[in-house]
Each structure stands twice: as structure tokens, then as C-alpha cells.
Amino acid sequence: MIKLNDKTDPLGDIESLSFYRLMQLLCPPNDQFHGCELKNFVDTCFFDSKSGKAVEIIATNKEGFLYSIKNEKRLKFLAIQTFFTDKVRERRKVATPRKAEFFDEDMFDRQTTTHPQGRRTTFGSDFNFSNI
């Protein structure tokens, strides 16, 4: 990503931004504001390249707005693992469609039907029964 330093000259100095810096700019300055709206952003934990410790988690809330977590207690390994596990569980509940919405009601009906040759069959099975 690039950022222009001088607004008057479009061909002026260009500063390159890292992905982490860009995401920081899209997050709100504090909890009183919403960050930018990114519906399909994957929640990400950023780590320090020197120490290997977590520096920040940038995630989306239920409405799709970005927010960041910088609290040291919430950036410990077990807290990060718990955070992402809870997010996965929460999103599975929301993303799982109910059977009635996804399938037709008659699709899984197991009632017997009449075979053209006079034998009864069960829908979805290869078992044939005689009428005797």
C-alpha cells in the first residue's frame, strides 16, 4: 500500500505502508468510535518480529466494524487461543442454516412409494419388497 506525503503534488514522495500499519489506520482511535467496515476481514493477531510476543489483535465485531485489542492480559497465549476459539464457535452458530431453510420438506421423506412393477420400495434405498 502507498500513501502520498504531499497532497498538492500527486507525484511527490510516496511512503510505503505495511499491512499492520494500514490495519492500525483503519481501526478506531478509541472505543467510542467504530472502525472501518470490513465484512470479510479475517481476525488477525500481529506479533513482534524481535520478541515473538503478540502486539495486537485486530478483529471485526458482529456488525462488521474493525476494532483492536492491545491489553497485555488479553494478548497472552491462552487468552488469544480462547478469543479465537470463542469467535469460531460464535460464527458457527450464526452461519449454520436451519434444515427448514436449506432443504425442501419432502426431500428426506422416507414414506414408501409404489414401484412401476408392483413392488413397494423405500425412497433412497435399493431394497425391494413384494406386495404379497
Exposure proxy order (Cβ contacts within 10 Å, fewest to most) of Thr60, Thr85: Thr85, Thr60
message: Please compute the modelled spin-label separation between Gln24 and Asp43, points set 7 Å along Cα→Cβ, answer in nm with one decimal.
response: 2.2 nm
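Every read-out reported here was derived from the displayed coordinates using simple, explicitly stated rules and does not represent laboratory data. Quick caveat: nothing in here was measured; it's all calculated off a predicted structure. Reconstructed Cβ throughout: ideal geometry from the backbone, glycine too, with neighbour counts over all protein chains shown.
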